[in-house]
């Protein structure tokens, strides 16, 4: 990491802004607990600070990558010469509710906390996302879903673009698909607005608990995973999990990485798995499914490397 980049961040920290850590272990910020060190881990205190700093960092050639809860991204084991931006600060975890059912929420807020808050306020529409790890911003980038998708109730987002400008983007200007969205991936989502329906809090909690218990029954939520590894093939065929299971890949292992016995579309770190173990197991599973059924499974997770992302459809941070 260039010294001038460290100087920019150190100067910001001295001004009483966000926090800066050097050589931070990525495994501490990953739901599968895998990853080497990031050159810089930066948590801004507010959008204005992030706007100014991200523009300056990119002008000095820094690679800037926003990270949520680390629940959908396989971190590199060899480390990363980049500034990882975490929206864990108080500002990015706020939520405001009005009488008409409009909710404005910071992109760093965890989905589980957001859904729980909505149920307490008697606001329905997000409970179908119960059991999905991650943050609001991360979920929007991949259009996360279970019984519903997060974009269903979206009104608009607020982003910081690659030029450091804070801008609002309406839902109509975003293309959402199955586990994907057309955001400029050099942008950082900092806030989102949703429209929800009024409903009795008890009824919302019952639905939320029902969805969560259903996920607990069929998915290894208590283990170290990245969520579903592969997208389901187009409608009309078997699910990704079923294809993996029928190809004899359940419980297949590479090092400390193993295909879950509970749900074949999950890879579990059952002790000491490396990024290399997971990538090799992904290759073995894909090859097995393609050989048996002629189906090429597409990644749902993203693999972050020293050079960029593997498997992305849209441009990614630089």
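Please compute the length gained on full extension between residue 46 and residue 100, using 0.36 nm multiplied by the number of residues separating them and subtracting their Cα-Cα distance. Gain in length upon complete extension: 16.8 nm.
What's the extension gain from residue 19 to residue 298 if we count 0.36 nm per residue and subtract their Cα-Cα distance?
So the chain would gain 96.8 nm between residue 19 and residue 298.
Here the chain carries DSSP beta bridges of which approximately 80% are antiparallel, counting only pairs with both residues inside. Each Cα pair under 8 Å and six or more residues apart adds its separation to the average, and for region 90-164 the resulting relative contact order is 23 percent.
Determine the relative contact order of region 19-79: mean sequence separation of Cα pairs under 8 Å and six or more apart, normalised by residue count, in whole percent.
43 percent
Calculate, for residue 251 and residue 174, the FRET efficiency according to 1/(1 + (r/R0)^6) with r their C-beta to C-beta distance and R0 45 Å; round to the nearest 0.05. Working from the Cβ atoms, E equals 0.70. Taking the number of Cβ atoms within 10 Å of each Cβ as an exposure proxy, the fewest-first ranking of 63, 207 is 207, 63. What does the C-alpha gyration tensor say about the overall shape of the chain? Classify as rounded when a/c is under 1.5, otherwise prolate if a/b is larger than b/c, or oblate. Oblate shape, in that a/c is at least 1.5 and b/c is the bigger or equal ratio. Give the shape of region 4-117 as rounded, prolate or oblate, defined through the alpha-carbon gyration tensor: a ≥ b ≥ c are the square roots of its eigenvalues, a/c under 1.5 means rounded, and otherwise the shape is prolate if a/b is larger than b/c and oblate if not. Oblate is the answer for region 4-117, as a/c is 1.5 or above yet b/c matches or exceeds a/b. With neighbours defined as other Cβ atoms within 10 Å of a residue's Cβ, the residues 120, 239, 51 order from fewest to most as 120, 239, 51. Beta bridges per DSSP, both residues in region 59-140: antiparallel share near 50 percent. Taking every C-alpha pair closer than 8 Å and separated by at least 6 residues, the mean separation divided by the residue count of the chain gives a relative contact order of 17 percent. Sorted fewest first by neighbouring Cβ atoms within 10 angstrom, 172, 81, 277 come out as 172, 81, 277.
Read-outs throughout are calculated quantities, based only on the coordinates presented, and are distinct from any laboratory measurement. Computed from a predicted structure; not experimentally measured. In this analysis, Cβ positions are derived from the backbone assuming ideal geometry, glycine residues included, and neighbour counts consider all displayed protein chains.
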